[in-house]
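The values are calculated or read from the model by the stated rules, or taken from the named source; none is laboratory data. Note that the structure is a prediction, hence the values are computed from the model and not measured. Cβ placement follows ideal geometry from the backbone for every residue including glycine, while neighbour counts extend to all protein chains displayed.
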Amino acid sequence: MSTPSSAIESTLVENRVFEPSEATVKAARIAGMGAYEALCAEADKDFEGFWARQARENLVWSKPFTQVLDASNKPFYKWFQDGELNASYNCLDRHIGTPVEDKTAIIFEADDGAVTKVTYKELLAKVAQFANALKARGVKKGDRVVIYMPMTIEGVVAMQACARIGATHSVVFGGFSAKALQERIQDVGAVAVVTANYQMRGGKELPLKAIVDEALGLGGCESIQTVIVYERTKTAVNMVAGRDITMSDALAGQSTDCAAEPVGAEHPLFVLYTSGSTGKPKGVQHSTGGYLLWTRLTMDWTFDIKPEDVFWCTADIGWITGHSYVAYGPLAAGATQIVFEGVPTYPNAGRFWQMIEKHQCTIFYTAPTAIRSLIKASDSDEKVHPKNWNLGSLRIMGSVGEPINPEAWMWYYKNVGGERCPIVDTFWQTETGGHMITPLPGATPLVPGSCTLPLPGIATAIVDETGNDVPNGSGGILVVKKPWPSMIRTIWGDPERFKKSYFPEELKGYYLAGDGAVRSADRGYFRITGRIDDVLNVSGHRMGTMEIESALVAKSDLVAEAAVVGRPDDLTGEAIVAFVVLKRPLPTGDEAKALANELRNWVGKEIGPIAKPKDIRFGENLPKTRSGKIMRRLLRSIAKGEAITQDTSTLENPAILEQLAKTN
Ligand code: PRX
C-alpha cells in the first residue's frame, strides 16, 4: 500500500534505523563502518598523503603532480597544481584498450521512448569529432563556451568536447529565459553557444534556438562568434548567416580523432551559475583535477559502482548534479548510464519505474520532489504505482537536492527499493562539486531524513556564529573546516565576493555552506535543516529571493516594491510567495488575479518558469520597522497562514498585515 500524501510531512525525531544487509556489506567497496572509519583515520593522520594517493590511483595524469595542497593564498586553495591532465581523456580515452571500450556508455531514452545506445569507443569518436568542429569554428583552450542544450547524448558530447580542447564550458539549464541566458553569456564572456533547435519535453516541442537569438539580441554578447545548433527535431529555425551553423554541418568532414589537450590541474573545467542570497547569480568556477577526482571517487564510495551496473541519475546537465553524475563521474568510472530526455510524468507518472525495468537499472539517483510528486500520482492512480513494474534490478537508490522528509524516504525505501536497497541521501552543493555528507551503501546504518556522516577527508562540522563547535543535538551553522579537492575555486570574475560569501572572517576561515544542520545526540548523524540565508529551494532548485524581487521591481510600470519569502510546500519542498506593492491602488477580485498572473508570467520571462511565484499578495505597503527594514519574519508567518504572534509594536504600519494575508 502506498502512503497517503497527507502523511508526507516531516517528523522531528526519527528513531528508525536500517542496517545494511550482510550481503550488501560483503559485496561493497567500502565494506562496513570499520572500513569507512579506517579511511577517515587515514585522511586525519596524513591529509595530503591521503588525497595524493587518491589522485594517483584514480586519475590518469599526463604530467604527475609533485605538490598536493597549496594553501599559501587562502581561501584560494590549489590542488595538485603542477600536475597536468585532461578530463575528457580520463572519461573516455583511458577506457580504450580495456574491456570497457565496447561497453555501452550511454543508454539514451528520448521523450517519446526511442532508445539510442553508444559505446565508449563511439562516444569518444563523437566527442573528438565535435572537439574538432569547435576548433574549426575558432574555439581554443581557455575560451568559454555556453551550452544551452536538452538532455541528449549531444549535450554530454558538447561538455566533453569542450573539456577535450581545454575550453571552459558553462551550461545553462534549458528552462532559463533569454534574459537569464544573456546575463550568463555576458558574465562568462563566451565565444560560442552550443544549442538545439528545440527540446522535447512531455510530448511538446519547446524552443531553444529562438531563445538564444533573443538572448543575443538583448546586447552585451558581442563576444559570441559562433552558434552551433543541434537539430533535435525536424522543425526549421532562424539561422544567422556567418554566425550560426547546424551541428551536422559543423561536424561534416571533421576527423573523429582529436588528441586531448593536457591542462593544468587548476584549469577551469567549467563555470556553473547558481543563486546566492544577494545580487546576480554567481559563476561557480571548478577545477579540472580536484573536481574530476571527487566525481570519480564518489562514484565508487557513494554508489559503490561495479562494472555490471546500470546507473541512472535523473538530473539535467544544466545543474551540478548533471555535471558530476551524468557528464563526468559515470564516464570516468567506465559505467553504463541512462540519460533521459523527458519528464517523470509523461506519458504517465509510471515513466521512471517503467524505465528502471526496461533498462534493468541498478542504481537510481533522483530528487525528493520527484519522489513526492510520484507518491501523489500513485495515491490517486494505482496504475502508476511502482508495484506495477519489476524493480528487482535496483540495488542502490539515491536522493539529492533538498532534505527528504522521512515519510517520502520510507515510501521510496519500501515501494521502489523493496526494502532491499540502501538509500544514499547525498548532501552537497554546486560549490562542493560532489557529495559531502552521505551514507555509504555497504557501511552506514540509515536513518530516514538524515544524510548521516561526511565522506572520508571531508571535515564538516556544526558551529555557532563565532565558529565554535556546538554539541550534538543543538542546531547550528554547517561548515567545512578543511579544504577538499573539488571545492569551488572562485566566483568567476569576482574573487572578493567568493571570499565574502564562503569564508566570512567570523567563521575562522571555515567554508560556509549556507545551510543549517543538527547532529543527532546518539550517532552524531547530520540532518540538514535548510538554508540559513535568503536562498530558497524549490523542487531542489536554488533560487535567490533577491533575484526574484529584482525581477518583480523590473516591471517598473506596475511594481513599486516587492519582498519574496519561502513557504513549506508538500510537493516542492518550498514555494515562492511574493508580497508586492503596486504603483496603483490596491487591486481586488478579478483585477488582483489578473495582475498576479501578469507578474507571474513576467518573472517567468525574466528568469524562467521555475522562478514564478506560486502565490502573489498585494498590499499598500510592506511590514517595516520604523527604520525602514522589511520584517521578513512576519512575511514568512503570513505566507504560511500562521497567526502573527510576534511582537509587532516596532512596526511602522501594522494594519497592512491584514491586507497581505489575503490570497489572490
Ligand atoms: O540546501 C542544501 C540543498 O541544496 C543546496 C544546494 O543546492 P545546489 O547548489 O543547487 O545543489 C543541489 C544538488 C547538489 C544545499 O545548500 N541540498 C542538497 N542536497 C541536500 C540538500 N538538503 C538536504 N539534504 C540533501 N541531501
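Could you check the stretch 241-342 for strands (runs of 3 or more DSSP E) lying wholly inside it with 2 or more residues that are surrounded by 21 or more Cβ atoms within 10 Å (Cβ to Cβ)?
Numbers: elements: 244-246, 270-274, 282-286, 310-313, 336-340.
Ranges flagged: 270-274, 282-286, 310-313, 336-340.
Mind listing whichever residues of the stretch 141-167 are surrounded by fewer than 24 Cβ atoms within 10 Å (Cβ to Cβ), among the hydroxyl-bearing types (Ser, Thr, Tyr) and not in a loop (DSSP other than H, G, I, E, B)?
none
Give the number of residues within the stretch 524-545 that are more than 24 Å from Ala370 (Cα to Cα) and modelled with pLDDT of 95 or more.
Going through the stretch 524-545 one residue at a time, the tally reaches 2.
Select from the stretch 524-561 the residues that are among the acidic types (Asp, Glu), within 16 Å of the ligand (Cβ to nearest atom) and in contact with a strand residue (DSSP E or B) (Cβ under 6 Å, 6 or more places away or on another chain) and list them in ascending order.
Asp533
In the stretch 212-228, what residues are more than 21 Å from Ala250 (Cα to Cα), part of a helix (DSSP H, G or I) and hydrophobic (A, V, I, L, M, F, W, C)?
Matches in the stretch 212-228: Ala215 only.
Restricting to the stretch 116-137, count the residues that are without any contact (Cβ under 8 Å) to a residue 24 or more places away in the chain and either surrounded by fewer than 17 Cβ atoms within 10 Å (Cβ to Cβ) or assigned to a loop (DSSP other than H, G, I, E, B) (or both).
Residues flagged as without any contact (Cβ under 8 Å) to a residue 24 or more places away in the chain and either surrounded by fewer than 17 Cβ atoms within 10 Å (Cβ to Cβ) or assigned to a loop (DSSP other than H, G, I, E, B) (or both) within the stretch 116-137 amount to 1.
Looking only at the stretch 225-281, filter to residues that are of a type in the set (D, E, K, R) and touching a residue at least 60 places away in the same chain (Cβ under 8 Å); which one of those is nearest to the ligand (Cβ to nearest atom)?
Here the residue is Lys280.
Does any residue of the stretch 503-515 turn out to be closer than 27 Å to Lys26 by Cβ, small (Gly, Ala, Ser), within 11 Å of the ligand (Cβ to nearest atom) and crowded, with 21+ Cβ neighbours inside 10 Å?
No, the stretch 503-515 contains no residue that is closer than 27 Å to Lys26 by Cβ, small (Gly, Ala, Ser), within 11 Å of the ligand (Cβ to nearest atom) and crowded, with 21+ Cβ neighbours inside 10 Å.
Considering the stretch 429-451 alone, what residues qualify as being over 13 Å from Arg519 (Cα atoms) and within 10 Å of the ligand (Cβ to nearest atom)?
Those that are over 13 Å from Arg519 (Cα atoms) and within 10 Å of the ligand (Cβ to nearest atom): Gln429, Thr430, Glu431, Thr432, Gly433, Gly434, His435, Met436, Thr438.
Please tell me if Thr426 is within 15 Å of the ligand (Cβ to nearest atom), closer than 20 Å to Gly113 by Cβ and either buried (at least 22 other Cβ atoms within 10 Å of the Cβ) or at pLDDT below 95 (or both).
No; evaluated as a whole, the condition is false for this residue.
If the Cβ limit is 6 Å and pairs must be 6+ apart or interchain, which residue in the stretch 378-399 that is surrounded by fewer than 21 Cβ atoms within 10 Å (Cβ to Cβ) pairs with which residue that is of a type in the set (Asp, Glu)?
Close Cβ pairs (under 6 Å, with a partner that is of a type in the set (Asp, Glu)) amount to Trp389/Glu357; Asn390/Glu357.
I'm told Pro454 meets every condition in (1) within 13 Å of the ligand (Cβ to nearest atom); (2) over 23 Å from Ala35 (Cβ atoms); (3) surrounded by fewer than 22 Cβ atoms within 10 Å (Cβ to Cβ) except one. Can you identify the failing condition by its number?
(2)
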